[in-house]
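Taking it in order: structure first as structure tokens, then the write-up.
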Amino acid sequence: MNTLAKRLLQKLGRGFVTFVAAPASPRPLAALRIGVAGVLLLQAFTLAGHLFELFGNRGVIQWQALPFQPPEGIPNINGLARLLAPLGVSADTSVRLVFFSYVASLVMLLLGWQTRVAAVVAWLTQMALKTTGEHTIYGVDEFAHIALFYCVWMPVGFAWSLDRQNGKVSDEPTALARLGLRVLQLHLCVVYFSSGVEKATGEQWWNGEAIWRSVMRLDLGMVDISWMANVQWLAMALCWGTLVVEMGYVFMIWHRRTRLAWAVATIGLHAGIAVFLGLWSFGALMIALNVAALCVPATVTKPAVATERKGVKGAALAGAAA
Amino acid sequence: MTLRHTIYTALAALHLILVACGAAHEMILEPNTDTGYTLMVARHYTGSDASYGFFAPGVGPQMKASFLLIDAHGKEWTDTLEGHMTREAQLRIRGGVSRVAEFPGLMKKFGPSWAATMFGRHPTAKTVVITIEVYELPTMDEYTRGEQPRWETIYVEPFDRK
């Protein structure tokens with residue numbers, strides 16, 4: 001019995017090492033970088049004309065009226081403006097400075113030029129904007145923040161980047177790329193499973209009312225679906241389909257045969273959100289995350305000897321699941 | 001695995017545990033101690049404090065804020081906070097308005113701020129009347145029986161220019 005348990009533990013241990021350390025191509029993470037930076041740049045473009053209304057001291061919600069003051073130690077424009085005020089820098093200039101730094105860092109991130117520095121600046125400035133505009137944020141801002149945090153420590157600039165072009169980094173498979181990909185995949189599993197479970201606790205997601213109520217909202221709905229009241233089974237099927245896609249994600253993305261189907265279903269779900277609810281930036285960002293996590297091959301295809309990494313039995317692990 | 005990769009893996013595992021706690025709305029430690037506060041800040045930086053209950057357990061009602069402006073001669077006109085904005089900016093402003101449904105106390109802070117925005121935009125206005133309405137949407141069954149969506153006023157407050 002002890003031997004059996006020992007063997008089982010050894011097998012589990014080897015499986016775990018393969019899962020988190022088998023060298024993987026950095027391309028999926030490069031896709032994450034490009035997708036996230038691209039979407040956030042487009043989003044920044046649509047917000048640029050309303051900077052002061054959204055984030056300014058005399059915006060729609062003035063800083064002194066912010067319902068939740070940012071905790072100490074969290075970057076925010078209000079704090080930066082107080083720091084720069086003795087230098088004669090106005091609050092509006094502080095807003096411009098943060099936003100310009102954010103956009104510039106996103107451009108650098110998109111190109112993969114000085115990627116790590118760009119990721120740090122983008123992450124901190126996005127956090128400052130998010131914290132200052134706390135009363136106006138929605139899901140896309142949370143995911144942007146998470147994705148930029150991952151860009152800081154994952155090897156997102158090791159492929160399809162100027163840094164790679166300039167020979168600063170190598171696009172050889174690494175264990176860190178594998179770990180980064182696993183973290184992204186597991187994070188998305190938590191996201192979808194918890195989202196599905198929370199939805200399933202509400203009656204609206206069982207009787208179809210959730211789809212009806214979301215698309216019929218005048219501020220969200222992009223098309224008239226009032227006819228759906230006469231085809232209630234369709235609303236119900238869409239709700240149930242959403243629950244299946246979200247709660248099934250954690251089980252279905254690991255096997256090659258079901259991964260593609262789930263990627264298509266999940267991307268379809270977000271494309272639907274973008275088109276029918278007009279939440280294009282949220283939909284596009286989630287699609288970018290899923291493309292990186294599920295669609296870009298991470299499997300090592302080079303000869304096994306090329307995958308040897310210090311401390312990792314690359315040859316044995318090279319064929320590991322993507 | 002190398003020692004370095006083992007450390008990275010352990011940190012990643014810790015991060016994912018915190019992510020799962022965030023998703024489950026678990027705070028782990030109250031922020032009223034040094035450790036709790038540090039953890040709260042760390043989770044804020046890493047995004048592991050987020051929860052993901054979008055449109056859950058159900059889709060909330062739409063709310064809108066409208067503004068009636070009145071000048072010294074009694075002339076009246078209306079405006080909105082977000083009418084001139086891009087869709088992405090509109091989503092943000094409307095999200096802020098909808099938060100009033102979640103936290104009614106917010107109007108004490110939002111009301112004067114919105115009024116100040118309107119006075120800034122309309123220098124001749126002497127009074128602004130803020131109206132918050134909620135979009136009452138019938139269920140699909142009610143809709144097929146002929147009920148129609150309607151706006152219901154839930155909050156009205158006038159503000160005078162000081």
- prompt: At the nearest 100 Å², what buried accessible area, both sides summed, do you get for B and A when the probe is 1.4 Å?
  reply: 6400
- request: Using only Cα atoms, find the angle between the long axis of helix B:87-102 and the longest principal axis of chain B, and express it within 0 to 90 degrees, rounded to the nearest 10.
  value: 90
field: Fluctuation leader among B:ALA89, B:ALA125, B:ALA24 - chain B, Gaussian network, Cα springs under 10 angstrom
entry: B:ALA24
message: Beyond 13 Å, how much of the Cα-Cα pair distribution for segment A:81-135 remains, as a whole percent?
response: 61
statement: Subtracting the Cα-Cα distance of A:SER90 and A:VAL231 from 0.36 nm times their residue separation yields 45.1 nm
- prompt: Principal axis lengths of the protein assembly as shown from Cα atoms, whole Å, largest first?
  reply: 88, 65, 44
task: Would you mind calculating the gained length between B:ARG161 and B:ALA10 on full extension (0.36 nm times residue separation, minus the Cα-Cα distance), in nm to one decimal?
output: 48.5 nm
query: Convex hull volume of the Cα atoms in segment A:145-186, per residue, in Å³?
result: 70
task: Please express the Cα-Cα pair-distance distribution P(r) of segment A:116-251 as a list of whole percents, one per 10 Å bin, running from 0 to the bin with the greatest distance.
output: 11, 25, 28, 22, 12, 2, 0
- line: Karplus ³J(HN,Hα) for segment A:50-61 (6.51 cos²θ - 1.76 cosθ + 1.60, θ = phi - 60°; Hz, whole; x = Gly/Pro) runs 10, 3, 6, 5, 8, 10, x, 4, 10, x, 4, 10
- line: Here the tail fraction of P(r) beyond 22 Å, over all Cα-Cα pairs of segment A:22-108, rounds in percent to 41
task: Could you state the accessible area per residue of chain B in Å², with a 1.4 Å probe and every protein chain left in place?
output: 52
task: Determine, for the protein assembly as shown, the count of lysine pairs separated by eight or more sequence positions (or lying on different chains) whose alpha-carbon distance falls under 29 Å.
output: 29
- prompt: Can you tell me the Rg and the Dmax, both Å, for the Cα atoms in chain B?
  reply: 22.8, 79
task: Working from Cα positions, state the angle (0 to 90°, nearest 10) between the long axis of helix B:3-23 and the longest principal axis of chain B.
output: 40
message: Taking only the Cα atoms of segment A:14-164, how large is their convex hull per residue, in Å³?
response: 127
- prompt: Okay, helix-only estimate at 222 nm for the protein assembly as shown: each DSSP H run of n ≥ 4 adds -39500 (n - 2.57), divide by all residues, round to 500 deg cm²/dmol; what do you get?
  reply: -18500 deg cm²/dmol
statement: Projected onto their principal axes, the Cα atoms of segment A:190-301 stretch, largest extent first, over whole-Å spans of 52, 26, 21
task: Would you kindly state how much longer the chain becomes between A:ILE74 and A:LYS6 on full extension, computed as 0.36 nm times their sequence separation minus their alpha carbon distance, in nm to one decimal?
output: 19.8 nm
- request: List, in order, the whole-Hz ³J(HN,Hα) value for each residue of segment B:66-77 obtained from phi through the Karplus relation with A = 6.51, B = -1.76, C = 1.60 and θ = phi - 60°; use x for Gly and Pro.
  value: 10, 10, 9, 10, 10, 9, 5, 9, x, 5, 10, 8
task: Filter the DSSP H helices in chain A by two things, a Kyte-Doolittle mean of at least 0.0 and an axial alpha-carbon span of 18 angstrom or more, and list the hits by number.
output: A:2-21, A:27-47, A:91-111, A:115-132, A:139-153, A:175-200, A:232-252, A:256-277
statement: In segment B:77-103, accessible area falls by at least 40 Å² from chain alone to full assembly (1.4 Å probe) for B:MET85, B:THR86, B:ARG87, B:GLU88, B:LEU91, B:ARG92, B:ILE93, B:ARG99
- request: Would you work out what percent of the accessible area of chain B, with all protein chains in place, is carbon or sulfur (probe 1.4 Å)?
  value: 58
- prompt: What does the accessible area per residue of segment A:82-177 come to in Å², with a 1.4 Å probe and no ligands, DNA or RNA counted?
  reply: 40
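The values are calculated or read from the model by the stated rules, or taken from the named source; none is laboratory data. Just so we're clear, the structure is a prediction, and the values are computed from it rather than from any experiment. Surface areas here come from the heavy atoms of the whole protein model, side chains and all, with no ligands, DNA or RNA. Shrake-Rupley method; radii C 1.70, N 1.55, O 1.52, S 1.80 Å.
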